[in-house]
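K.L.:
One structure is given below, represented as structure tokens, and several questions about it will come after.
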Amino acid sequence: MADAVREIYSRRRYPALSHPETHPGVIAATARCGGVVAPALPEACRLLEIGCASGHNLLPLAARFPESRFVGIDFSDSAIRKGRQHAEATGLANVTFEHADVTEWRPEAEDFDYVVAHGMLSWVDDRVKAALFELVQGSLAPDGIACIGYNTLPGWSLRKEAAAMVRALPDLGADAMGVIGELAEAAAGGATPYAAHLAAIYRDMQRKGPEIVAFDDLGPVCDPLHFGQVIEWAGQHGLRYLGESTLSGNLPPGVDPAALARLEPLAGDPLRFQQTLDLLSGRTHRSSLMCRSGLTLDPATSSSVTLHFAARLLVRPLPSKAIHGEIIEHFHAALHAAWPSAMPVAGLMEECAHRLGPRWDPARGAKTVADWLYRAARFGWVELRTDAIELDSRSPVRPALSPLNRRFAKDRDSLVDVFHRSCGFPETHWGVVEALDGSRSADEIKALARDQAPDLDVGPWLDHLAGRGLLWPG
Ligand SMILES: C[S@@+](CC[C@H](N)C(=O)[O-])C[C@H]1O[C@@H](n2cnc3c(N)ncnc32)[C@H](O)[C@@H]1O
């Protein structure tokens, strides 16, 4: 099976993607909430990515944090070559790509504050899974944090069967996507919740598209895992579970808040609590943080750690039931005004104090804000990160993509925004994206779009890109 995995990654190119949940600024904030005393900051860290493909996750981090060091390993020769070419062409000297197999490679006299393995564990056989955990254990700094992504059971159970049927029924369509389309239609006709669930699975495969489905649902290894199993393997390799890589990852969507109250008896047993949430939510993916088993965690960690982070609203506007009391009303107003930036909580609180004047009580205010922020991050209303990101959401006069994103655009690979999210475009828009090189004014770009992409409303589009930190002044 290992050969089949190697074969597909050498023959076909895995779609280039970045993964915001693997960003060290996000991981550091979550790990601090989980009791890690002083997680390395993204501005000065060493990060290893296992199975880095062509570096789409790694290169934007290296560009953003020039004082940090990044290493990627992958056994796909073509992917590593591409990663190296991007690094060289954009002058990124702080990132190294190693062409190596996880079962053989070990870092030379270096340990890492962060070890990321996204899209590996569920896509390799058990021998490689064991090697992956050994490598994580062997390369983590004493207080380092690993971020490991995998597909989960029982959410994936029916998906696995649905994928097996695509393979078993080749005559239903001209190719795998054709078969998926037929099965989606067939399931959509049913009136039961089961049929709706199955149809949604096939629709999701259609949404992912042939490039991802070939590696994921229909890949040579597609091995969704029980959370408990992963934690057991990690334990056998001297690693301990800290939580999911974002606070909201610990409370998957789709779980009735009332159900959480019913699970109160599991409060002292986070592992069983999480496994139960997997059952209730049907979640299909996890991105779990782990540290060395021996790492001492801060037993006094409280919500007050959030006061040292930067925060950004993810849900705008928040439903009024999420905002209680005068302090949070003002704090929320400051967050709302700061959007799309992720601003230091301390500064937002100062604004709040200013608005409240003599009614601001520093101790009570800080506690109220910290408790609310922690809760808001768990519910996915707010993102917490250690690195502040200040954005101007108006497009510059001569907008330009960063040199790295210009390279990605040339290859028609997704751009990566300042929050580390991938950003793709319809085929007809790419010509306009490529023209964002700082040599044209917004009016010139509009004229170009009239020819190439008449459906594109260039003004708001440029502002949208600026709000994602994708545009530099030309
Ligand atoms: C599903 S892709 C994930 C790529 C990227 N991490 C992401 O999540 O977008 C898996 C990657 O792991 C690499 N890989 C699989 N088995 C490996 C092994 N034994 N040693 C090194 N790399 C391996 C593949 O070449 C491929 O680039």
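The values are calculated or read from the model by the stated rules, or taken from the named source; none is laboratory data. All values reported here derive from a predicted model rather than from experimental measurement. A quick note on method: Cβ atoms are made from the backbone with ideal geometry, for glycine too, and the neighbour counts reach across all protein chains shown.
K.L.:
Which number in (1) modelled with pLDDT under 95; (2) within 27 Å of W123 (Cβ to Cβ); (3) assigned to a helix (DSSP H, G or I) marks the one condition that A258 misses?
P.N.:
Condition (2) is where A258 drops out.
K.L.:
I need a count of the residues in segment 166-175 that are under 11 Å from D217 (Cα atoms) and not β-branched (V, I, T).
P.N.:
From segment 166-175, those under 11 Å from D217 (Cα atoms) are 166-167; that's our starting set.
From the residues that got through so far, the ones that are not β-branched (V, I, T) too are 167.
Count: 1.
K.L.:
All but one of (1) charged (D, E, K, R); (2) free of Cβ contacts under 8 Å to residues at least 12 places away in the same chain; (3) within 30 Å of E232 (Cα to Cα) hold for R292; state the number of the condition that does not hold.
P.N.:
Against the list (1) charged (D, E, K, R); (2) free of Cβ contacts under 8 Å to residues at least 12 places away in the same chain; (3) within 30 Å of E232 (Cα to Cα), R292 comes up short only on (2).
To keep it simple, each residue is scored yes or no on (1) modelled with pLDDT of 95 or more; (2) in the same structural domain as S10 (by TED's automatic domain parsing); (3) surrounded by fewer than 23 Cβ atoms within 10 Å (Cβ to Cβ).
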residue	(1), (2), (3)
H86	yes, yes, no
P107	no, yes, yes
V116	yes, yes, no
A131	yes, yes, yes
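K.L.:
Taking segment 216-232 on its own, how many of its residues are within 16 Å of the ligand (Cβ to nearest atom) and out of contact with any Gly (no Cβ under 8 Å at 6 or more places or on another chain)?
P.N.:
9
K.L.:
Here is a follow-up. Which is β-branched (V, I, T), out of contact with any Phe, Trp or Tyr (no Cβ under 8 Å at 6 or more places or on another chain) and either within 16 Å of the ligand (Cβ to nearest atom) or part of a loop (DSSP other than H, G, I, E, B) (or both), of V5, V36?
P.N.:
Testing whether each residue is β-branched (V, I, T), out of contact with any Phe, Trp or Tyr (no Cβ under 8 Å at 6 or more places or on another chain) and either within 16 Å of the ligand (Cβ to nearest atom) or part of a loop (DSSP other than H, G, I, E, B) (or both) leaves just V36.
K.L.:
Still on this structure, I have one more. Restricting to segment 99-130, and then to whatever is under 15 Å from N57 (Cβ atoms) and in a strand (DSSP E or B), can you tell me which residue is farthest from the ligand (Cβ to nearest atom)?
P.N.:
By that ranking, first place goes to F112.
K.L.:
Does segment 57-98 hold any residues that are within 17 Å of D411 (Cβ to Cβ), away from the ligand (no atom under 15 Å from the Cβ) and assigned to a helix (DSSP H, G or I), and which are they?
P.N.:
A63, Q85, A87, E88, A89 - these are the residues of segment 57-98 that are within 17 Å of D411 (Cβ to Cβ), away from the ligand (no atom under 15 Å from the Cβ) and assigned to a helix (DSSP H, G or I).
K.L.:
Would you be able to say whether some residue in segment 163-173 is exposed (fewer than 13 other Cβ atoms within 10 Å of the Cβ), closer than 25 Å to L17 by Cβ, away from the ligand (no atom under 14 Å from the Cβ) and among the basic types (K, R)?
P.N.:
yes
K.L.:
Hey, among L280, L247, which residue is surrounded by fewer than 18 Cβ atoms within 10 Å (Cβ to Cβ) and among the aliphatic types (A, V, I, L, M)?
P.N.:
Selected residue: L280, the only one of L280, L247 that is surrounded by fewer than 18 Cβ atoms within 10 Å (Cβ to Cβ) and among the aliphatic types (A, V, I, L, M).
K.L.:
Here is a further query. Identify all residues within segment 226-241 that are assigned to a strand (DSSP E or B) and aromatic (F, W, Y); write none if there are none.
P.N.:
Y241
K.L.:
Which of (1) within 16 Å of the ligand (Cβ to nearest atom); (2) part of a loop (DSSP other than H, G, I, E, B); (3) under 30 Å from P299 (Cβ atoms); (4) not β-branched (V, I, T) is the odd one out, the single condition E21 does not satisfy?
P.N.:
It is condition (2) that E21 fails.
K.L.:
Can we say Y150 is closer than 30 Å to A187 by Cβ, aromatic (F, W, Y), in the same structural domain as I73 (by TED's automatic domain parsing) and modelled with pLDDT of 95 or more?
P.N.:
yes
K.L.:
Next question. From the list L297, L335, L307, L318, pick out the single residue that is more than 25 Å from A31 (Cα to Cα), surrounded by 13 or more Cβ atoms within 10 Å (Cβ to Cβ) and not assigned by TED's automatic domain parsing to the domain that holds A38.
P.N.:
L318
K.L.:
Then there's this: Of the residues R286, R312, R272, which is closer than 20 Å to H23 by Cα and assigned by TED's automatic domain parsing to the domain that holds P20?
P.N.:
Testing whether each residue is closer than 20 Å to H23 by Cα and assigned by TED's automatic domain parsing to the domain that holds P20 leaves just R286.
K.L.:
With in the same structural domain as S287 (by TED's automatic domain parsing), in a loop (DSSP other than H, G, I, E, B), within 15 Å of the ligand (Cβ to nearest atom) and not aromatic (F, W, Y) as the only criterion, which of S54, S10 stands out?
P.N.:
Checking each option against the conditions leaves just S54.
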